[in-house]
1. Restricting the first residue to the stretch C:124-145 and requiring it to be under 15 Å from residue C:108 (Cβ atoms), which pairs with a second residue that is surrounded by fewer than 16 Cβ atoms within 10 Å (Cβ to Cβ) meet a Cβ separation below 7 Å and a spacing of at least six or different chains?
2. Check A:298, A:270, A:317 and return the single one that is assigned by TED's automatic domain parsing to the domain that holds residue A:27, under 21 Å from residue A:371 (Cβ atoms) and in contact with a helix residue (DSSP H, G or I) (Cβ under 9 Å, 6 or more places away or on another chain).
3. Out of the residues in the stretch A:240-264 that are out of contact with any strand residue (DSSP E or B) (no Cβ under 9 Å at 6 or more places or on another chain), crowded, with 17+ Cβ neighbours inside 10 Å and more than 9 Å from chain B (Cβ to nearest Cβ), state the one that is modelled with the lowest pLDDT.
4. So is residue C:43 more than 15 Å from the chain's Cα centre (by Cα), part of a loop (DSSP other than H, G, I, E, B) and touching a residue at least 24 places away in the same chain (Cβ under 8 Å) or not?
5. What number of residues within the stretch C:92-106 satisfy the criterion of being over 30 Å from residue C:58 (Cβ atoms) and either within 17 Å of the chain's Cα centre (by Cα) or surrounded by fewer than 16 Cβ atoms within 10 Å (Cβ to Cβ) (or both)?
6. For the stretch B:233-246, state whether one or more residues are buried (at least 19 other Cβ atoms within 10 Å of the Cβ), touching a strand residue (DSSP E or B) at 6+ places or on another chain (Cβ under 9 Å), modelled with pLDDT of 85 or more and outside any loop (DSSP other than H, G, I, E, B).
7. Under 6 Å between Cβ atoms, at least 6 apart or on separate chains: pull out the pairs that start in the stretch A:324-339 with a residue that is not assigned by TED's automatic domain parsing to the domain that holds residue A:371 and end on any residue that is part of a helix (DSSP H, G or I).
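The values are calculated or read from the model by the stated rules, or taken from the named source; none is laboratory data. What you are looking at is a predicted structure, and each value in this text was computed from that prediction instead of being measured. Positions of Cβ are generated from backbone atoms using ideal geometry, with glycine treated the same way; all protein chains shown enter the neighbour counts.
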């Protein structure tokens, strides 16, 4: 008990020094917490934005996967409710979205323009579609109407209710044309995505002479990080027809590369922050303990063993680490909260230069796990940084008391 | 003499001085490293863009650039193009101006089709001006049997599994809106290190492009290239003066999106650096406080000898500045060789980039770091300034030490 | 008369206690005196020296240095006074560890700021010679013996040719032989330069050299006689 009161009094003896030590710890912990949250938010927003269009795991024929750039309709996947259900049942799967990607020419009577198109199941995608509506409404149930991206509609001066002619090439390479009504205009959140035409899957299948088939099945998971594992599972489960392949997003170099970069950068930066803090703490602790040579000498002269000195000093350091880290979390919580609500705005120009569609505002991901992690790191760094100073202090001989 | 004392005080406890300077060291290192990277990223990207595609200046008909994304063939140059090219050659004999027709097309090998950017050029002139690596075939149009040559970006060719001698059909829309197509033979495969070139572009002889698109002797743009970037201003003012009716876009504007991404990156990194500097600041302040405390008697004695408060403040501040210089110097010394090595060897991002057909801006695949003296200076000064600021408080606090401190037992 | 103390009282706080270090001290110190202040610890020797050296001001009473009342001087003015006219020798030498012996002495002059670099060096050189440290002048304090360090301190105190030199237990950390040498040195300097020396001490050997002894007890002068 005496030792603890000694501890407390030692710590508070030099108010300013204590403050600065705690300050260094608090700043690094707070920054780490903010950094974690921000980077994870970026990962999520950026990556998920990208992955939203392409899916976490993609099922298609091997040939399609190899030549996906060309969107070859001829390499299609046979699709039915049974396969859909089998895939849906794989653990971790949240949504299975069959799709066909193709090119379409839209003619509004005055002029015509080519646009990328996608056939999706409106029921499966209903929630997402609704969230993107800029004008009009998503039709429920069976429909033959299409949806247009904002920029596509603007280019051809179209609005919900208008009719437009669709011209395309079927899977057998023959030209085909039809008329369609427009139910809604969508804002897909990224400039490059807003030129798309969204067609109900059954209509796309008949338009392209692909009844009973799709180009890909895009699978969305609860946790996009589990993609490789789920891909593996699908492969071994045997539910897939022959010649079919599975690809997780991590196998697509662009996205995986960006993810790896983020992860790496996040780790490096936090490491550096902790290093800087650790050095500062090391310095302070060295000075502190050396300053107390006499005092420690006295303790030893009075009969304190080396280990007792170690323990006492370690407790002091631990306490400082805990208090400092806690302070760090406290001051950064409001910051992280603000960032998760308001985020940082990436200018639209900046995002245009990226070859992938991204959201313009990036939010931090506030997660108590990060707070805990940052806290733990702060305490550990304080302890580790103090190891050597404490060790040196323990070596002090009783004779110091006399000097 | 105060400086002498401050300087020698650094060596009193070398380990401590190093540790104190440590945080500044890290901060300066990061400043230099990230600064050189970001600048290099910008530079590499911009350089490649200029070298393989956009040149220093592009000249086109009025409103062409603002509507470039719509791929319309409405705004073209004809007579002005001839005049421009002729007078340009007279005015700047050592620089190059290439006429081009840029259009949207679909290319097919019979089995697969994909959208590309078609570029009609004068192959002899163009491939001399725009340096691209030839990975297969040749850059010269071989005067063979009526086959029209075509050159393709390397990544695109890879997707097709194409080799020189293969046939491709190019489908496009003429300026009047009707569909047109023709067959071409793959003459060569080029690689520019620029995704727009490698993933998205096919080049064909200008005359053939004009025929295909039903454009008699018209072009969409002229691309001006020169040896030095500084010349772009000369080009611009000349063009503005002699051809005011034409639109111009220089390489600076072309590279704006890239530079803006960098601004975002810089912001994020600055925030993090600010944090690290804060930590450095508190560490240095702490250490200086401790050091001053240790030397209270010495300080008191100096006061007793008559040293003024301001003299004392200078002493402490100088020590802080010296620590800053030490840390910044170390940061520089460790970062600079790394950055110089990376300037020569670079980092390859190529494998991370996949073209999407809507990539509108060029980006380089290989990034070379770009260290500048200005960057080094800035980083160095930041380190020193932070260290100095950190010692302000200790200096102020201990300047008021009373000489009596010296006399306590 | 160099120094005049009139009923000087000094009390200060130590934690929650009030300590009356000096309870009415009056004395006069003339030029060229070589005096010792003796007394048990706690008698107020250090406090008296601090006051006389203008390091501190009395709680009440007057101190006149060359007929100027230091109690009425501003902090700055006292600094200047100390700077020019008073030298100190501390018990623990208090040399700047990073400067050589020569530099330590020179520093005192540099603070004054009155001389050019050449003049400074000349004056430092001469005082270094007088205290017998010529051979050791480039060494740092850590490389000097206690006696040598004290000589440096003395040189430092004297280099600016002060009117008064105050020494707080100058021989406390020295062995017998060295202590004698130091005091003999101080006496010689006192004779040659007519600088007033006042030191506090326990040491009998030192007291033997003194020409005047002031005995302090419980904050008051008990005895004051010339020898």
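1. Cβ pairs passing all conditions: C:128/C:134; C:141/C:97.
2. On the way: A:298 fails: under 21 Å from residue A:371 (Cβ atoms); A:317 fails: under 21 Å from residue A:371 (Cβ atoms).
Going through A:298, A:270, A:317 in turn, the sole match is A:270.
3. Here the residue is A:259.
4. Working: more than 15 Å from the chain's Cα centre (by Cα): yes; part of a loop (DSSP other than H, G, I, E, B): yes; touching a residue at least 24 places away in the same chain (Cβ under 8 Å): yes.
Considered against the rule, which asks whether it is more than 15 Å from the chain's Cα centre (by Cα), part of a loop (DSSP other than H, G, I, E, B) and touching a residue at least 24 places away in the same chain (Cβ under 8 Å), residue C:43 comes out as yes.
5. Filtering the stretch C:92-106 for residues over 30 Å from residue C:58 (Cβ atoms) gives C:96-106.
If we keep only those that are either within 17 Å of the chain's Cα centre (by Cα) or surrounded by fewer than 16 Cβ atoms within 10 Å (Cβ to Cβ) (or both) as well, we get C:97, C:104-105.
So the answer is 3.
6. Yes, the stretch B:233-246 contains at least one residue that is buried (at least 19 other Cβ atoms within 10 Å of the Cβ), touching a strand residue (DSSP E or B) at 6+ places or on another chain (Cβ under 9 Å), modelled with pLDDT of 85 or more and outside any loop (DSSP other than H, G, I, E, B).
7. Hits for this filter: zero, empty list.
Residue by residue, here is whether (1) within 14 Å of chain B (Cβ to nearest Cβ); (2) surrounded by fewer than 19 Cβ atoms within 10 Å (Cβ to Cβ); (3) under 18 Å from the mean Cα position of the chain (by Cα) holds:
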{"residue": "C:18", "(1), (2), (3)": "no, yes, no"}
{"residue": "C:26", "(1), (2), (3)": "no, yes, no"}
{"residue": "C:32", "(1), (2), (3)": "no, yes, yes"}
{"residue": "C:38", "(1), (2), (3)": "no, no, yes"}
{"residue": "C:47", "(1), (2), (3)": "yes, no, yes"}
{"residue": "C:51", "(1), (2), (3)": "yes, no, yes"}
{"residue": "C:55", "(1), (2), (3)": "yes, no, yes"}
{"residue": "C:60", "(1), (2), (3)": "no, yes, no"}
{"residue": "C:64", "(1), (2), (3)": "no, yes, yes"}
